[in-house]
Amino acid sequence: MNVFEALSCSAKRWPDRIAIIDAGGSLDYRSLWHEVEALRIQLDRLGVREGQGVGVRARNGRAFVIGALAALGCGAVIMPIHHQMKPAEMADMLARAPLCVILDDGSGPAQPGGTVTLENPGGNGLRFTRLDGAPSPLAPGIKDAAFVRFTSGTTGQSKGVVLTHQDVLERTHAANAGLGLTGEDKILWVLPMAYHFYVSIILYLEVGAAVIVNTDYLAENILDAAAKHQATFLYVTPMHIRMLTSEKSGRALPPSLSRVMSVSSRLDPQAARDFQARFHVPVSQGFGIIEVGLPIMNLAEAAEHPEAIGRPVPGFEAMIVDETMKPLPEGETGQLALRGPGMFSGYLNPPRSREEVLHDGWFLTGDLAHRDLGGRIVLDGRTSSVIQIAGHKVFPEEIAGVLDQHPAVVRSRVFSRPHPQFGEAVCAEVQLRNGSSPNTSEEILAFCRRQLSSHKVPTSLEFVAEISMTSSGKVRHGSAVPQPAQK
């Protein structure tokens, strides 16, 4: 079975169940399948063929899902593209992953080429643009390729990760061995589909669940949508956890919503405790990585141990290793290595097979972690972002977690600058909430001193209008010295 056929099976098993709720209303599985099949026929007539690269660029909603699945039905290799990607970023990506076609919903500038507006019964307004000179197939060394997605670029230039249909289905099945989602679930969706479609959205459609597409990520709208649609599962990032906790109305989540999972980056334990105190629902951390899937979750112990990302889901193994791949004992920090089903099949550019990348089947994530005395895995930081201060290893993510708890802070970025005596010094950029005064710098530093060892407290704090992020919405901790702060 491939991903396209998996949707066909869902439509046959649960034709009347709601598949998607978005700005256009409700769409059941039968109607979703009809729209996907109608678009697939058009794409076939327009010459979309097996192995060709098709970019799907659209806002969250049915148009993204229909466009991606229809192209997969033609045998194409899909590359999801965030609708807010800048022209320079697009040009760089297309230079490294030359696509034959782009499907988009008009939310971004059209690419040069022959563009036509596609017909579809749902009125999604997708555009078809054929790009000249693109080779086919997109991933010639990988049989049955289905998806290409570029990594966040936190360890240098991002790499195009290639997944086959089998990779995707294996990892969705493995993830659901932990999540246990069914057709009774209603998932409240606030994350970019462009970065999570190939596991999360496909998994939800595969089990017959309903995907409630929220209009934006604002806390009040998340609470509105959860109550209106009686959501059962909320899949968010630490930013959403902080925003929901600080929401001023005092409203509760509906009783139907019994599970919350935070992904994308390390969740500060205090943020998790504050959320549970406000909403009486523990926050489970999930560790996801594009090369591997969603192999680690903190499900049963989230309330007691919010600092942990948990344990491997069934079928996966995790190991904490040193530079020689030697396993480390409990309590010692090393690099997190993973092994299990649905691993990626290779990198696109430069081309490398899975076998060339893995170490005896293990994938080195680039994340530093340790096992606590109970065997749970706790993230410490990234190998590329560790700051060395007079022999001490400092993890920017830990410091940012404290900064982000201050009520005046939206988000922060922690990095280092050279220091003549200690080697490196901790510095931070801070994005303030609207209405907060820049004179809060000493107050914020005092807040850090109450919670961090002295060598971890930033020596300088700079206020900026916006924090530098990766293409997938992660903060670039520990990266190159930033541009001068915006006054």
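Overview of results
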{"item": "Relative counts (whole %) of C-alpha pair distances in segment 189-238, using bins that are 5 Å wide", "result": "4, 19, 31, 26, 16, 4"}
{"item": "Proxy reagent accessibility, fewest Cβ within 10 Å first, across Thr365, Thr383, Thr115", "result": "Thr115, Thr383, Thr365"}
{"item": "Average silhouette area of segment 315-382, convex hull of alpha-carbon atoms, in square nanometres", "result": "5.1 nm²"}
{"item": "D (Stokes-Einstein, µm²/s), Kirkwood Cα radius, the chain, 1.306 mPa s at 10 °C", "result": "68 µm²/s"}
{"item": "Using alpha-carbon coordinates, inclination of helix 165-179 to the longest axis of the chain, degrees", "result": "50 degrees"}
{"item": "Kirkwood-type radius of segment 181-340, with distances r between different C-alpha atoms, in Å", "result": "16.6 Å"}
{"item": "Alpha-carbon Debye profile of segment 387-463, log10 I(q)/I(0) at 0.12, 0.17, 0.26 Å⁻¹", "result": "-0.30, -0.58, -1.25"}
{"item": "Mean Cα-pair separation over length for the chain, i.e. relative contact order, pairs under 8 Å, 6 or more apart, %", "result": "10 percent"}
{"item": "Pairs of Cα atoms farther than 24 Å apart, segment 3-138, %", "result": "26 percent"}
{"item": "Calculated FRET efficiency for the pair Val321/Ala277, C-beta based, R₀ 60 Å, to 0.05", "result": "0.95"}
{"item": "0 to 90° range, to nearest 10: angle between helix 29-45 axis and the chain longest Cα axis", "result": "70 degrees"}
{"item": "Overall dimensions of segment 74-193 by Cα: Rg and Dmax, Å", "result": "16.5, 46"}
{"item": "Charged-residue dipole, Cβ positions (Lys, Arg, Asp, Glu), the chain about Cα centre, Debye nearest 20", "result": "500 debye"}
{"item": "Virtual spin-label span in nm between Glu301 and Glu443, 7 Å along Cα→Cβ", "result": "3.8 nm"}
{"item": "Nitroxide proxy distance, nm - points 7 Å out along Cα→Cβ at Glu119 and Ser107", "result": "2.7 nm"}
{"item": "Value of D in µm² per second that Stokes-Einstein yields for segment 137-209, Kirkwood Rh from Cα pairs, at 20 °C (1.002 mPa s)", "result": "156 µm²/s"}
{"item": "Cβ-based charge dipole, the chain, positive-most Cα from Pro407, Ala272, His165", "result": "Pro407"}
{"item": "Cβ-Cβ FRET estimate between Ser453 and Asp132, R0 fixed at 51 Å, reported to 0.05", "result": "0.35"}
{"item": "When each of Lys12/Lys186; Lys86/Lys474; Lys326/Lys393; Lys159/Lys186; Lys143/Lys474; Lys12/Lys86 is checked by Cα-Cα distance, pairs over 28 Å", "result": "Lys159/Lys186; Lys143/Lys474; Lys12/Lys86"}
{"item": "The chain: calculated mean residue ellipticity at 222 nm from DSSP helix runs of at least 4, using -39500 (n - 2.57)", "result": "-7500 deg cm²/dmol"}
{"item": "Spin-label proximity, His392 to segment 436-461 - amide N less than 17 Å from point 7 Å beyond Cα toward beta carbon", "result": "445-461"}
{"item": "Calculated FRET value between His419 and Gln270, using beta carbons and R₀ = 25 Å, to 0.05", "result": "0.30"}
{"item": "Neighbour-count ranking [beta-carbon atoms within 10 angstrom, fewest first] of Met90, Met297", "result": "Met90, Met297"}
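Only the coordinates and a few stated rules stand behind these numbers; no lab work does. Just so we're clear, the structure is a prediction, and the values are computed from it rather than from any experiment. Glycine gets a Cβ as well: all are built from the backbone with ideal geometry, and neighbour counts include every protein chain shown.
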